[in-house]
Amino acid sequence: MNQYACAITGHRPTRFCFGYNEEDPLCQKLKECLLEQFRILHDEKFVRTFFVGGALGVDMWAGEQLLTLRAQTGYEDIKIIVVIPFIGYDSKWPDQSRHRLKKLIQNANDSIVISHSADVSSYKKEIIIWSIMQSTSSVCLIIRKSCAQAQHRQSIMPYETEKQSL
């Protein structure tokens, strides 16, 4: 049995018609879709490790839904890793949002800081290199404006092949 990891990314709240209103029925539906996708990935694709960004929007919602799922019977083996670009990237966020990120990191299995620099080109390059080096197989779940636009991408090259191409 292959074991896969899943990295989740998606839009920030401002890209959705409901913005920061998480009580909106469309936001609630999106969160339900995330939870269902994570169940499917766990049960059918044997995904046990999930990497979530700490950004506001889909990244944060995914992390929180994974915590909800992990608390359920049969899903205790889920490993959640929060990946943040650099220390202090949330410094301009409202207190409530910074608190959510802190809570997510505290309840995750691990967190990773990609770069010591706030320079965008620096940490984006490091994210790509770090991603290639981390797992033998991966699934990427990219969430767009609707659940119907969820995309699954499965890597096709094993670690050794990827490593050689660097």
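No value in this document is a laboratory result; all are computed from the given coordinates. These numbers were taken from a predicted model, which means no experiment stands behind them. With ideal geometry, Cβ positions are generated from the backbone for all residues, glycine too; neighbour counts draw on all protein chains shown.
Starting from the Cα-Cα distance between THR68 and ARG48, subtract it from 0.36 nm times their residue separation and give me the gain in nm to one decimal. List each step's numbers first, then the result.
Working: separation 20, 0.36 × 20 = 7.20 nm, distance 1.45 nm.
That works out to 5.8 nm of additional length.
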Going down the table (LYS29/LYS102; LYS31/LYS103; LYS45/LYS79; LYS45/LYS103), which pairs top 20 Å between alpha carbons?
LYS29/LYS102; LYS45/LYS103
Quick one: LYS102, LYS92, LYS31, LYS79, fewest Cβ neighbours within 10 Å first, how do they rank?
LYS92, LYS102, LYS79, LYS31
Stretched out fully, how many nm does the piece from CYS33 to PHE86 gain, at 0.36 nm a residue minus the Cα gap?
16.2 nm
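With a 10 Å radius around each residue's Cβ, average the other Cβ atoms per peptide and rank 14-20, 32-38, highest first.
Numbers: 14-20: 13.1, 32-38: 18.3.
Ranked from most to least packed, the peptides come out as 32-38, 14-20.
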